[in-house]
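Visitor: Let me give you the structure first, and then I'll get to my questions.
The values are calculated or read from the model by the stated rules, or taken from the named source; none is laboratory data. The shown structure was predicted, so the numbers you read here are calculated from the model rather than taken from an experiment. Cβ coordinates were reconstructed from backbone atoms using ideal geometry, including for glycine residues, and neighbour counts include every protein chain displayed. To get the accessible areas, we keep the full protein, side chains included, count just its heavy atoms, and leave off ligands, DNA and RNA. Shrake-Rupley method; radii C 1.70, N 1.55, O 1.52, S 1.80 Å.
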Number of protein chains: 2
Amino acid sequence: MTTQPAQANAARTTPTASPTTSLLTDMYELTMLQGALHSGTAERRSVFELFGRTLPASRRFGVVAGTGRLLDAIKRFTFTAQQIDFLHAQKVVDDDTLDFLRDFRFTGTIRGYAEGECYFSGSPLLTVEGTFAQACILETLALSIYNYDCAVASAASRMTIAAHGRPCADFGARRAHERAAVSAARAAVVGGFTATSNLEAGLRYGIPTVGTSAHSFTLLHDTEEEAFAAQVAALGPGTTILVDTYDIAQGIERAVRAARAVGGELGAVRLDSGDLVAEAFKARAQLDALGATSTRITVTNDLDEYAIAALGAAPVDSYGVGTKLVTGSGRPTAALVYKLVERADDDGVMQEVAKFSQGGKATVGGRKWAGRVVDASGRAAEELIVSARESTEALAALGAAGARPLQVDLVVDGVIQEEHRGPEGLAAAAERHRVSRAELPYEAWRLSEGEPAVPTRHLDLDGRQVLRG
Amino acid sequence: MTTQPAQANAARTTPTASPTTSLLTDMYELTMLQGALHSGTAERRSVFELFGRTLPASRRFGVVAGTGRLLDAIKRFTFTAQQIDFLHAQKVVDDDTLDFLRDFRFTGTIRGYAEGECYFSGSPLLTVEGTFAQACILETLALSIYNYDCAVASAASRMTIAAHGRPCADFGARRAHERAAVSAARAAVVGGFTATSNLEAGLRYGIPTVGTSAHSFTLLHDTEEEAFAAQVAALGPGTTILVDTYDIAQGIERAVRAARAVGGELGAVRLDSGDLVAEAFKARAQLDALGATSTRITVTNDLDEYAIAALGAAPVDSYGVGTKLVTGSGRPTAALVYKLVERADDDGVMQEVAKFSQGGKATVGGRKWAGRVVDASGRAAEELIVSARESTEALAALGAAGARPLQVDLVVDGVIQEEHRGPEGLAAAAERHRVSRAELPYEAWRLSEGEPAVPTRHLDLDGRQVLRG
């Protein structure tokens, strides 16, 4: 088996990341495009849906995230001359296809769940409509963004449930790919986190950044006292001091003293090792005995939703979460797929299509419309999915069932709906998630594995239940 | 708990990803820098090491990956005016610190395991030497790159072990963050993969790209026959046809016929659902009966190293691996850390330092040198790690123990050693891994969880064993 990956003509100077997003794409999307251009089907009107057949194993609910990032990415989905040259040189596709790509802009329409909304099995998170050529080539990019961001936001939401209102901050940059980490910080905010250690996420998404010092800062100085004095001199007494490099009790005493030496009360101590429940109780007692009753305690050692829940009774003021946040707490991908569900025939009439193989992975053809049914007590009771071609009849069916429609316009004929992007879009998503989650039945708050908190029901327009593959 | 992340002044136009890598950094690195500038310790000569306390749970060996990417990232580790403005506006650090950052270039020295080398518990993968200011602020970036790339390369290596020489291709783009996926394609090559579906990875790293069609292409056409005819017309008879949209046996017959209609024999069929072992045997028998003995079979449905192993006796020609590759097959991060192990005192004398807390996470102070001891049969028997300040005495100690030194120069006084970058660096890494893995004892090839295949022994210069925390 050969392991020689380099092209013969590859130069030592590595190209930097493409400024556009168009090659963040599986090759088969472009070869399918070429095939469709050949067979005259590339212009057939098509509808793709992005959804999960089920929630990631045993999760109670999913959290829609990545919507604003996808809209950003679609804005930059164009092919540069360098990219066209690459596709030509590597003979990925033929000249006709390159001509099509050279001028490509997405001009289709995307509807979907708004970012932050909760979702369940089969929820149609995105419905992408356009020519086959247009809708086909967004597949990989849309899936990459949604599969990662939804996984992180869903994990984040479980953690903020477990934290019961105590602030959670993302400290996971070092445990994820360096660019994924930036997106994770953003997805965490959708799931209820309030801050990140990641500076690029601060710059790019306006997320508040936090962080003060590591063990190395203490070890850099000749004594712990000198290190703490240096930190409060530089950052003020309100800083958070890491107290577990040597002896924790001694560290706490020195930290409080260092802050008072510059005329203030210490902002917080951080505990990053050991039995955090016991250490938090000990630290609180010591701080109170020292009169530092306003000094907070933050903890940061390998936390996940279960560890956070276990700290619920401990006198902890905030959590910093790393690995388990940015890797989706055991579910590193949301397992979403992107499937063609309708396309026009030669007469321009839309036809439902679906994979139907003995091998499994069957899909339900036809465009779907989703609504959430809320019961008399105000709790979400059902995810209702109606197969229908037209929005008017679908919305009527959802209305008849008392369901709140869940899909909104994200892109209309190529025009991106700006309210879903940028810092305002992110803030709205976080608020939307807070409201959507509050509406879920109490089962949704359980951290244990189990069934989705809200069952999904598929109806056709006559109100008959549709069986799903 | 507030979920309002947006800064008051944040504009709707989201900044695109920074062109430099300097803010892919935890905020505390810059606040520590500020503290060290205040206390006069920022210029203290310091040595940081990047290592794993243990291998990711129960793995037999790790694979070094990300080295070339880190060197690329260090080249672009500078602060733009926009970034400086952001740090200023958000009051992340003070003006003195901003002055330092404005002109920052890494001028330190990095030695480490060459990319592709196998590693074990405690192996010092990178040793970063410079002023504290210089070496401190690479922490997050180095960890992000190594934690992700090593996780993927290690998973890839397990898969290519299980594949026993059959080619493995990365099809995971859709199941990872869109930029992480590009790096995953590269790390997979280090672990023995030969191709990727990811076009950006093809452009950026010179990795051969593959891909032909999805179920949507078949569904786009009115009949499977039309779809297959369109594909061979566009891509030639040597293409790979996906045959499981409807009935697999019918699909295979139609695919062979479509290729012959344009005067060739079909290149391959792809199976993407169902019981792949059974389907592969059935497909092979059918292809042979049709006389299509040269037509290959590739399989792609949720593969991991165990599924690949289970297909070992089936007539499969190649594997396409998605989710489990790009998420590290259950170990999405390599759990590597970056720790200060030595720094100068006021007299410029280097002093060993280490966290030593009752809370755990203790580290071994002092710079470390690593070598691999190979037994008489040519198999790796021991990872030997020597604590020593000077390379000459360390190399002598390794030599006395019969160990092959494992660390090489990666950056020397800020000068990046170019042979570790670019497509040639990647090709060398893949070949290095092939050789390094072949040297491991047979235990390394076991997919079951267990102890590292090679034990790690720490020695001081007198040959005494050092206890690790």
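Visitor: Can you figure out the FRET efficiency of A:Glu226 with B:Ala89, using R₀ = 41 Å and their beta-carbon distance, to the nearest 0.05?
Guide: 0.85
Visitor: Once you charge only the Cβ atoms, +1 for Lys and Arg and -1 for Asp and Glu, what is the size of the charge dipole of the range A:130-208 about its Cα centre, to the nearest 20 debye?
Guide: My answer is approximately 240 debye.
Visitor: Based on DSSP, what percent of beta bridges with both residues in the protein assembly as shown are antiparallel, to the nearest 5?
Guide: Counting DSSP beta bridges with both partners in the protein assembly as shown, the antiparallel share is about 70 percent.
Visitor: Angle check, please: helix B:276-289 long axis (alpha carbons) against the longest principal axis of chain B (alpha carbons), in degrees 0 to 90, nearest 10.
Guide: So the helix axis and the longest Cα principal axis differ by about 40 degrees.
Visitor: Against the longest alpha carbon principal axis of chain B, how many degrees, from 0 to 90 and to the nearest 10, is the axis of helix B:391-400 turned?
Guide: In chain B, helix B:391-400 runs at an angle near 60 degrees to the longest axis.
Visitor: What is the sum of charges around B:Pro455, taking Lys and Arg as +1, Asp and Glu as -1, for the other residues whose C-beta is under 10 Å from the C-beta of B:Pro455?
Guide: -2
Visitor: Where does each of B:182-191, B:326-335 land if you order them by average Cβ count within 10 Å, highest first?
Guide: Per-residue Cβ counts within 10 Å, averaged per peptide and sorted highest first, yield B:182-191, B:326-335.
Visitor: Rounded, prolate or oblate: pick one for the range A:84-181, where a ≥ b ≥ c are the square roots of the eigenvalues of its C-alpha gyration tensor, a/c under 1.5 means rounded, and failing that, prolate if a/b is larger than b/c, else oblate.
Guide: oblate
Visitor: Any of A:Lys324/A:Lys368; A:Lys282/B:Lys339; A:Lys355/B:Lys324 with alpha carbons more than 29 Å apart? Name them for me.
Guide: Table pairs above 29 Å Cα-Cα are A:Lys324/A:Lys368.
Visitor: 5 Å is the cut-off here: which amide hydrogens, built 1.01 Å from N in the peptide plane, fall below it relative to B:Glu342, excluding neighbours closer than 5 in sequence?
Guide: Amide H neighbours of B:Glu342, under 5 Å, 5+ apart: B:Val47, B:Val353, B:Gly366.
Visitor: How large is ³J(HN,Hα) for each residue in the range A:196-208, as worked out from phi by the Karplus curve 6.51 cos²θ - 1.76 cosθ + 1.60 (θ = phi - 60°), to whole Hz, x for Gly and Pro?
Guide: Values per residue, Gly and Pro as x: 9, 7, 8, 5, 4, 5, x, 5, 7, 10, x, 7, x Hz.
Visitor: Can you bin chain A into rounded, prolate or oblate? Criterion: square roots of the alpha carbon gyration tensor eigenvalues sorted a ≥ b ≥ c, rounded for a/c under 1.5, prolate for a/b above b/c, oblate for the rest.
Guide: Here chain A falls in the oblate category.
Visitor: Counting other Cβ atoms within 10 Å, keep those with at most 15, restrict to DSSP loop, and tell me which trypsin sites (Lys or Arg not before Pro) in the range A:402-451 are left.
Guide: Answer in residue order: A:Arg446.
Visitor: Additional query: For a protection proxy built on the mean count of beta-carbon atoms within 10 angstrom, sort A:126-139, B:378-391 highest first, please.
Guide: Listed from highest to lowest mean packing, they are A:126-139, B:378-391.
Visitor: Under the definition of partner shielding as Cβ atoms of other protein chains within 10 Å of a residue Cβ, what is the mean value for peptide B:231-242?
Guide: The per-residue average across the peptide is 3.
Visitor: Which of rounded, prolate or oblate describes the protein assembly as shown when judged by the alpha-carbon gyration tensor and an a/c cut-off of 1.5?
Guide: Oblate, because a/c is 1.5 or more while a/b does not exceed b/c.
Visitor: Before I look further, what does chain B give for accessible area per residue, probe 1.4 Å, in whole square angstrom?
Guide: Counting only protein heavy atoms, the per-residue value for chain B is 33 Å².
Visitor: Over all residues in A:134-145, what is the mean tally of Cβ atoms on other chains that come within 10 Å of each residue's Cβ?
Guide: 4
Visitor: What is the distance in Å between the Cα centroid of the range A:207-271 and that of the range B:131-207?
Guide: First find each Cα centre; the distance between them is then 38 Å.
Visitor: Along Cα→Cβ at 7 Å, what distances in nm separate the A:Asp302 label point from those on the other copies, shortest first?
Guide: A:Asp302 label point versus its equivalents elsewhere: 2.9 nm.
Visitor: Let me ask another. Please determine, in degrees from 0 to 90 and to the nearest 10, the orientation of helix A:27-39 with respect to the longest principal axis defined by the Cα atoms of chain A, where the helix direction is its Cα long axis.
Guide: In chain A, helix A:27-39 runs at an angle near 20 degrees to the longest axis.
Visitor: For chain A, with only Lys/Arg (+1) and Asp/Glu (-1) charged at the beta-carbon, what is the dipole magnitude about the Cα centre, in debye rounded to 20?
Guide: 520
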